[in-house]
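Shown next, in structure tokens, is the structure this report addresses.
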Amino acid sequence: MRGLALFVAGLLVGGFAVHAAIADNEHSSPNTGIVGLNHVAISVPDVDKTVAFYTKVMGFPEAFRVKDKEGKLQLVYVQISKGTFIEILPASVQRPPGLNHLGLYVDNMQQATAMFKARGANVGAINTGSPTKAILNNLLDPNGNRIELAELPADSMHHQAMDRWH
């Protein structure tokens, strides 16, 4: 019984220490409103083969798909954890195979856009017409890598997938 009590006490103390460390770390960042890395987007020559790899071999469930008005596949999201995804896009002449962008989850797009603009980033216009219902914006790093900012309202496909996560 004493061993169980010590084990539970250890869990509680450890849990509080981890929580304190995380809370401390949140305040050390100069970025306010950045929730975390939401997704990495890759362009691939064969979407079906790639989705099969990530779902069957890696064990990541498919979270959602988006098709255009003609029914052509635009993207597939597979879910690594509650708030982390891989976005799989069909490669094309305009979108060669490889890393397409990094997606950061922000809690307020207006504030995130203003923060990055104030620091000299060339941030685009906020897009509220996304088929996923995410509020999006983009900026480029010095190497031309695109960073997508994504605010995820409750009705966004991302948020709904995170709510389904168990």
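The values are calculated or read from the model by the stated rules, or taken from the named source; none is laboratory data. Just so it is clear, the model here is predicted, and its values are computed rather than measured. Methodologically, a virtual Cβ is constructed for each residue, glycine included, from the backbone with ideal geometry; neighbour enumeration extends over all protein chains shown.
Observations on the structure shown:
- Output for region 25-74, where each listed residue is farther than 11 Å from residue 88 by Cβ, among the charged types (D, E, K, R) and assigned to a helix (DSSP H, G or I): 26, 56
- Residue match in region 145-164 (condition: without any contact (Cβ under 8 Å) to a residue 40 or more places away in the chain and within 12 Å of the chain's Cα centre (by Cα)): yes
- Residues of region 133-150 that are in contact with a helix residue (DSSP H, G or I) (Cβ under 7 Å, 6 or more places away or on another chain), under 16 Å from residue 41 (Cα atoms) and either surrounded by fewer than 20 Cβ atoms within 10 Å (Cβ to Cβ) or acidic (Asp, Glu) (or both): 139 alone.
- Condition check for residue 25 on (1) modelled with pLDDT of 60 or more; (2) of a type in the set (S, T, N, Q); (3) out of contact with any Gly (no Cβ under 6 Å at 6 or more places or on another chain): one failure, at (1).
- Against the test of being over 21 Å from residue 31 (Cβ atoms), surrounded by 13 or more Cβ atoms within 10 Å (Cβ to Cβ) and either at pLDDT 95 or above or aromatic (Phe, Trp, Tyr) (or both), the options 79, 110 yield a single qualifying residue, 79.
- Filtered residues of region 80-99 (kept if over 22 Å from residue 154 (Cβ atoms), touching a Leu at 6+ places or on another chain (Cβ under 8 Å) and either among the hydroxyl-bearing types (Ser, Thr, Tyr) or assigned to a strand (DSSP E or B) (or both)): 88, 89, 90
- Hey, residue 5 small (Gly, Ala, Ser), surrounded by 10 or more Cβ atoms within 10 Å (Cβ to Cβ), modelled with pLDDT under 50 and over 24 Å from residue 79 (Cβ atoms) or not: no
- Qualifying residue in region 58-67 (condition: out of contact with any strand residue (DSSP E or B) (no Cβ under 6 Å at 6 or more places or on another chain) and among the hydrophobic types (A, V, I, L, M, F, W, C)): yes
- Filter result for the condition that a residue is hydrophobic (A, V, I, L, M, F, W, C), over 17 Å from residue 85 (Cβ atoms) and in a loop (DSSP other than H, G, I, E, B), over 114, 125: 125
- Counting residues in region 54-63 that are surrounded by fewer than 18 Cβ atoms within 10 Å (Cβ to Cβ), aromatic (Phe, Trp, Tyr) and more than 20 Å from residue 138 (Cα to Cα) gives zero.
- Which listed residue is farther than 25 Å from residue 54 by Cβ and among the polar types (S, T, N, Q), from 111, 74, 79: 111
- Criterion violated by residue 77 - all others in (1) hydroxyl-bearing (Ser, Thr, Tyr); (2) within 15 Å of the chain's Cα centre (by Cα); (3) in a helix (DSSP H, G or I) satisfied: (3)
- Selection of region 115-132 for residues being surrounded by 13 or more Cβ atoms within 10 Å (Cβ to Cβ) and of a type in the set (Gly, Ala, Ser) yields 121, 124, 130.
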